[in-house]
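The values are calculated or read from the model by the stated rules, or taken from the named source; none is laboratory data. Keep in mind the model is a prediction, meaning the values are calculated, not measured. In this analysis, Cβ positions are derived from the backbone assuming ideal geometry, glycine residues included, and neighbour counts consider all displayed protein chains. Protein only, heavy atoms only, side chains kept; ligands, DNA and RNA dropped before computing areas. Shrake-Rupley method; radii C 1.70, N 1.55, O 1.52, S 1.80 Å.
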Amino acid sequence: MNRAPEGSTDGDVTRMTLGDRAALALEAYRMGLTDPLADVVRELTPLLWNVVRSQGVDRDTADDVVQGVWLAFVRSAETIRDPHAVLKWLVVSARRAAWQASGKGRDEARRTAALGDDDEPARQVPDADPQPDEAVVVAERDRLLWDAFSGLPERCRQILRFVAFADRPDYKAIAEVTGMGVTSVGVTRGRCLAKLRSALDADERWGWS
Amino acid sequence: MTDADDDRTGHDAAEPSDTDGAAGELLDARDEEVLADLARVLTTVDPVPEGLADRALFALTLERLRADVLELEQVLTPELVARSHDAEREMVRVSTITFASEPVTVMVNLSQSASGGLCIDGWVAPADSYRVELYRPGGHVATDSDEDGAFVLLDVPRGAACLALRRSDGTGPTVCTPVIEL
């Protein structure tokens, strides 16, 4: 593939990222065309799901949170001025909503537990970092990867979870919401990947394909 | 494909890219492999709930309908009035429902259709021919009423849905019902 010789612009169609397409879809939505946005919702929902879940939100709540983010997105359609900020807007909103939801969930559970209402069925205090159902990881290779991933620091798990579900050129936008400076993002991502890889390399059962 | 071939551009050898932003680090083949595997494992371990994107799109459709139509209000029967305080989000499970707003009233009757879905018999007043659309998570169907305002939607899946109606000649407003649980 040829790269545009003269300083390729952000709008270069051949290099269009998910973020760019989301921006176009939002433009189309403003003009009353809903199909492009539907495609983007389908494509980006897994990323938002992983963003929300990596913040320690239970599955039921995460379901609501992701729907709420999309609603907030179209409600804000008129105010998102920079089309290239669309992906960042979505991810930041998802993370913020997840914080609020998990904070609220923990507060409510704590209050309920403190009151000890006998009529209420006992509620579990949601785990700050709920573990997904590990039992479903059956293939040994997947199990090794999952164990290595689970052993990483939380920050690394969050970042890699974003990165695994994002188009590569969108890393910048996604990384901006992890709370790090833009320049340290690539480094941190690389460091987390390196940690994961060395954990896998240390296991003689692991083989690269 | 061997890793030796693909592993030549390791982290240190990676050239800064003008489009990769951030620190310009490129991913080598093993990074790509481990990320692809990780995405797959996460999808297995913590899958996106089935239909989540469809439910989100349904919520967006409702939002859009609400934005530019006149919303019909459910005409409450006495036993439902007690539950009406949260009527906007609450889904009611009844077999005959009437909705009304200033220009339009629609009554729908739900029955089991032979194929397992629901049959929706509806009647719109004042009598006219209407375009009737039913929106639900994962799709929408449309039909036209006859000149007396009667319409039938066959084999509608159960679940959340709302109806939007407008006169076939394009005059008058579009109206839509609140979400009902079929």
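Some observations on this one:
- Condition check for B:D121 on (1) among the charged types (D, E, K, R); (2) assigned to a helix (DSSP H, G or I); (3) assigned by TED's automatic domain parsing to the domain that holds B:G139; (4) modelled with pLDDT of 90 or more: one failure, at (2).
- Enumeration of residues in the range B:52-63 that are over 15 Å from A:V40 (Cα atoms) and more than 7 Å from every other protein chain (Cβ to nearest Cβ): B:L62
- Against the test of being open to solvent by 30 Å² or more (accessible area, probe 1.4 Å), under 29 Å from A:E154 (Cβ atoms), more than 12 Å from the chain's Cα centre (by Cα) and modelled with pLDDT of 90 or more, the options A:D60, A:D107, A:D39 yield a single qualifying residue, A:D60.
- Residue within the range A:151-170 that is more than 10 Å from chain B (Cβ to nearest Cβ), modelled with pLDDT under 80 and part of a loop (DSSP other than H, G, I, E, B) present: yes
- A:L44 being within 11 Å of chain B (Cβ to nearest Cβ) and either of a type in the set (D, E, K, R) or more than 18 Å from B:L65 (Cα to Cα) (or both): yes
- Selection count, the range B:18-50, where residues are open to solvent by 10 Å² or more (accessible area, probe 1.4 Å), at the interface with chain A (Cβ under 8 Å from one of its Cβ atoms), at pLDDT 85 or above and in a loop (DSSP other than H, G, I, E, B): 2
- Qualifying residues in the range A:63-91 (those that are open to solvent by 40 Å² or more (accessible area, probe 1.4 Å) and in contact (Cβ under 8 Å) with a residue 60 or more places away in the chain) - the one nearest to B:V48 (Cα to Cα): A:K88
- Of all residues in the range B:148-182, those satisfying the criterion of being acidic (D, E) and not in a strand (DSSP E or B) are B:D148, B:D169.
For (1) at pLDDT below 90; (2) closer than 15 Å to B:S95 by Cα; (3) surrounded by 14 or more Cβ atoms within 10 Å (Cβ to Cβ), each residue gets a yes or a no:
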site: B:S129; (1), (2), (3): no, no, yes
site: B:L134; (1), (2), (3): no, no, yes
site: B:S145; (1), (2), (3): no, no, yes
site: B:F151; (1), (2), (3): no, no, yes
site: B:C176; (1), (2), (3): yes, no, yes
site: B:E181; (1), (2), (3): yes, yes, no
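- Filter result (within 10 Å of chain B (Cβ to nearest Cβ) and part of a helix (DSSP H, G or I)) within the range A:29-38: A:Y29, A:L37, A:A38
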